[in-house]
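One structure, pasted below without further comment.
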Amino acid sequence: MDKNKLRSSNWFGRTGKDGFIYRAWMKNQGTPSHEFDGRPVIGICNTWSELTPCNGHFRELAQSVKNGIYEAGGFPVEFPVMSLGETLLKPTAMLFRNLASMDVEESIRGNPMDGVVLLCGCDKTTPSLVMGAASVNIPTIVVSGGPMLTGKHKGNNIGTSDVWRLNDAHRAGAVSQEEMQAMESGMCRSAGHCAVMGTASTMACMVESLGLSLPGNAAIPAVDANRKVLAHLSGMRIVEMVKENLRMSDVLTRAAFENAIIANTAIGGSTNFVIHLLAIAGRIGVDLTLDEFNNIANNVPLLANVQPSGKHFMEDLYYAGGLPAILKELHQFLHNDCITVNGNTIQQNYEQAACYNTDVIGTVENPFNPVSGVVVLKGNLCENGAVIKPSAASAHLMQHTGKAIVFEDIDDYKIKIDDPLLDIDENSVLVLKNVGPKGYPGMPEVGNMALPKKLLDKGITDLVRISDGRMSGTGFGTVVLHVSPEAAIGGTLAVVLDGDSITLDVNNKTLQLNLSDDEINKRKAQLPAMNILQPRGYVNLYQQHVQQAHLGADFDFLRGCSGSEVSKDSH
Ligand code: FES
């Protein structure tokens, strides 16, 4: 295809029967003929769904994007893709991230669009859309839905991170069911995604620090009029991006990925960031490994005092200057010449930013917390790696040796955890197996296992917890996640027994099962053969092709980019 020719002209620019068919059916929507005069056709990839409440306002947001596209002389076409709602979708939204990405990829490639705007909100709706679009690689801009307003209950702030504390308090008898229900009504009081630095906010910061969105995208509350302004401006900008042929691969360079890792460290972003960023890198062909994360963000402190690592909310972060103010403070760490979707470098984008509240955004000299980021652990219990978020963990457990209490799977945990006979104390290490990508399957967010009631009653609020699963970005605790290889494929995690000694040493970035290699190998040889493969359907496909967490849990056959060419033309 001629490089200067728009992709969409291969549909709407045709004469004869084919052009007739392509245009005629579009006209049943009231589209006038002049829309097919060769102007850029811009897809608006919409994850609106009433079953994804965090994205429930996306039809309005799409209208703002459309207004911008029309204003810039483009032709907007909105299309739905699979929407993954974190709260309702069972068994876990992560099981369907790769499926949704396939929907996005094929919808973009197979349809007449020259550029695309991705409407992303709830956790998995960002990586799935970015992954799918990266495998097509046409001009692409992300518009995030924005966080909810800060929740309020009886004069106090309340957000998703409080759900875990409330659950513990409820189980300990300190909070009644009636009080819980009253809080439900105060927490999610506006449109938008979780109002803390959970995975959705982390993903919004990720796309902004990668350069995939306009500056300021991450923190503007969903219901702030400036969110619609940003959507409108993004609609205008994507039309220009098509004219400039500024594609995803021009923005998503290795240096941009390093910027995202640095920014994630400074915001106290979710552990899920690691798994999604690795998957996106795999799609766009950037060589990035889990082992590199520690070094890339070395010496970057935690600047954002936002839950779950701090006390404030995304709304506060917006008023304090948003991500641009954080990026400006990080100038000495960043690759400042990375190009972003508006055609400016990341430095040009943050140059005018300012911090308006140093209690919300600290400085490098005086950070909110020198302990930051996601630390990648290595050791015989996680040969290919595991992760922990020290800023959301307990300082006294950063170096800890304790005896394992093992749960073979999540059901086993549920049965045993409140058993009065469970031999557990504050030094115990909870080990949960078979919640990894293949084993569960889908790697659910169950890694921050609630503590047993009898320890809560004693005032103990944290234990070292280890699993091959994930944790909500809103969660906290001394929680080791993403252990790879996972138990279900015979990783060392599979052979841990009750009473085994385990040492977590976050300072030295190690996780050790204190047994000899001989003993571990002997136990591995005795592991019973497990048939975890589901007999049919998407889950069967998932189990056969999902990669381990340290590779981003993408499907092996989805890594890489197939480009935007359509392989066959049936008309
Ligand atoms: Fe959607 Fe938290 S449940 S962002």
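Once phi is turned into θ = phi - 60°, what whole-Hz ³J(HN,Hα) does the Karplus curve with 6.51, -1.76 and 1.60 give for every residue of the stretch 18-30, x standing for Gly and Pro?
4, x, 4, 5, 4, 7, 4, 6, 5, 5, 5, 9, x
Ignoring the sites themselves, what is the longest stretch of the chain with no GluC sites (Glu not before Pro) in a DSSP loop and at most 10 other beta-carbon atoms within 10 Å? Intermediate values should be presented prior to the final figure.
Values: sites that count: 50, 365, 565.
Free of exposed loop sites, the longest segment is 51-364.
Once you keep just the Cα pairs under 8 angstrom separated by 6 or more residues, what percentage relative contact order results for the stretch 235-350? Spell out each step's value before the answer.
Details: 101 pairs, mean separation 36.0, N = 116.
Worked out over the stretch 235-350, it gives 31 percent.
Pull out a ≥ b ≥ c, the square roots of the eigenvalues of the alpha-carbon gyration tensor of the stretch 47-202, then state rounded if a/c is under 1.5, prolate if not and a/b is larger than b/c, and oblate in the remaining case.
Details: a/c = 3.21, a/b = 2.00, b/c = 1.60.
Note, shape of the stretch 47-202 comes out prolate.
Mind listing the long-range amide H neighbours of residue 85? Cut-off is under 5 Å, sequence gap 5 or more, other chains count too, H placed in the peptide plane at 1.01 Å from N.
none
Can you list residues whose amide H is under 5 Å from residue 463's amide H, if they're 5+ apart or on another chain and H is modeled 1.01 Å from N?
478
So, one more: List the trypsin sites (Lys or Arg not before Pro) in the stretch 1-78 that DSSP assigns to loop (not H, G, I, E or B) and whose Cβ has at most 13 other Cβ atoms within 10 Å. Which are they? Walk me through the intermediate numbers first.
Numbers: sites: 3, 5, 7, 14, 17, 23, 27, 59, 66; in loops: 3, 5, 7, 14.
Sparse-neighbourhood loop trypsin sites (Lys or Arg not before Pro): 3, 5.
Is there a quick way to get the dipole size of the stretch 263-350? I mean about its Cα centre, with the Cβ of Lys and Arg at +1 and of Asp and Glu at -1; what is the value in debye to the nearest 20?
On the way: 3 positive and 7 negative charges, 27 e Å.
With only Lys, Arg, Asp and Glu charged at Cβ, the dipole is about 140 debye.
Same structure again: With charges only on Cβ, +1 for K and R and -1 for D and E, what is the dipole size of the chain about its Cα centre, in debye, rounded to 20? Mind showing how you got there, number by number?
Values: 47 positive and 60 negative charges, 249 e Å.
Its charge dipole is roughly 1200 debye.
If you average the C-alpha positions of the stretch 289-310 and of the stretch 539-554 separately, how far apart do those two centres end up, in angstrom?
Here the two parts' Cα centres lie 26 Å apart.
Only four residue types carry charge here, +1 at the Cβ of Lys and Arg and -1 at the Cβ of Asp and Glu. Report the dipole size of the stretch 424-517 about the Cα centre in Debye, rounded to the nearest 20.
260
If you average the alpha carbon positions of the stretch 344-376 and of the stretch 104-174, how far apart do those two centres end up, in angstrom?
22
Choose one of 366, 175, 63: the residue whose Cα lies farthest towards the positive end of the charge dipole of the chain (beta-carbon charges +1 Lys, Arg; -1 Asp, Glu; about the Cα centre).
Of the listed residues, the answer is 63.
Further question on the same structure: List the trypsin sites (Lys or Arg not before Pro) within the stretch 423-464 that fall in a DSSP loop (any state other than H, G, I, E or B) and whose Cβ has at most 16 other Cβ atoms within 10 Å. Before the final figure, lay out the partial values.
On the way: sites: 433, 438, 453, 454, 458; in loops: 433, 438, 458.
Sparse-neighbourhood loop trypsin sites (Lys or Arg not before Pro): 458.
Something else: Over all alpha-carbon pairs of the stretch 114-256, lay out the pair-distance distribution in 5 Å bins, whole %, shortest bin first.
2, 10, 17, 19, 15, 11, 8, 7, 5, 4, 2, 0, 0
Report the one residue of 420, 376, 394 whose Cα lies farthest in the direction of the positive end of the charge dipole of the stretch 368-435 (charges on C-beta: Lys and Arg +1, Asp and Glu -1; origin at the Cα centre).
376
Right, here's the next one. Before anything else, pin down the relative contact order of the stretch 85-242: Cα pairs under 8 Å, at least 6 apart, normalised by residue count, whole percent. Present the calculation step by step, with values, prior to reporting the outcome.
Values: 248 pairs, mean separation 42.2, N = 158.
Worked out over the stretch 85-242, it gives 27 percent.
Using Cα-Cα distances under 8 Å and only pairs 6 or more residues apart, what relative contact order does the stretch 254-315 have, in percent? Could you put the intermediate results ahead of the total?
On the way: 47 pairs, mean separation 25.7, N = 62.
In percent, rounded to a whole number, it is 41.
Distance in nm between label sites at residue 225 and residue 14, each 7 Å beyond Cα in the beta-carbon direction?
4.6
Right, something else. Quick one: 3J(HN,Hα) in Hz for the stretch 264-272, Karplus 6.51/-1.76/1.60 with θ = phi - 60°, rounded, Gly and Pro as x.
Along the stretch 264-272, the couplings run 4, 5, 6, 9, x, x, 5, 4, 5 Hz.
When the helices in the chain are scored as -39500 (n - 2.57) per DSSP H run of 4 or longer and the sum is shared across all residues, what 222 nm value do you end up with, to the nearest 500 deg cm²/dmol?
Details: 20 runs with 192 residues, N = 571.
Roughly -9500 deg cm²/dmol at 222 nm, from the helical runs in the chain.
Beyond 17 Å, how much of the Cα-Cα pair distribution for the stretch 458-571 remains, as a whole percent?
70
A further question follows. Could you go through the stretch 51-56 in sequence order and give the Karplus-derived ³J(HN,Hα) for each residue, using 6.51 cos²θ - 1.76 cosθ + 1.60 with θ = phi - 60°, rounded to whole Hz, and x for Gly and Pro?
8, 10, x, 5, 10, x
Turning to a different aspect of this structure: Run the lone-cysteine check on the chain: no other Cys C-beta under 4.7 Å from the residue's C-beta.
If one checks each Cβ against the other cysteines of the chain, 45, 120, 188, 194, 205, 338, 355, 382, 561 turn up with nothing under 4.7 Å.
If I take the Cα coordinates of the chain and project them onto the principal axes, what are the three extents in Å, biggest first?
Taking the Cα atoms of the chain, the three principal extents are 77, 54, 48 Å.
Looking at this model, which pairs from 433/453; 154/433; 90/389; 90/403 are more than 29 angstrom apart at the alpha-carbon?
Values: 433/453 21 Å; 154/433 40 Å; 90/389 26 Å; 90/403 33 Å.
Over 29 Å apart, Cα to Cα: 154/433; 90/403.
A short reminder: the numbers here are calculations on the coordinates, not readings from a lab. Predicted model, so just to flag it, every value in this text is computed and none were measured. Glycine also receives a Cβ, built like all others from the backbone with ideal geometry; neighbour counts cover every protein chain displayed.
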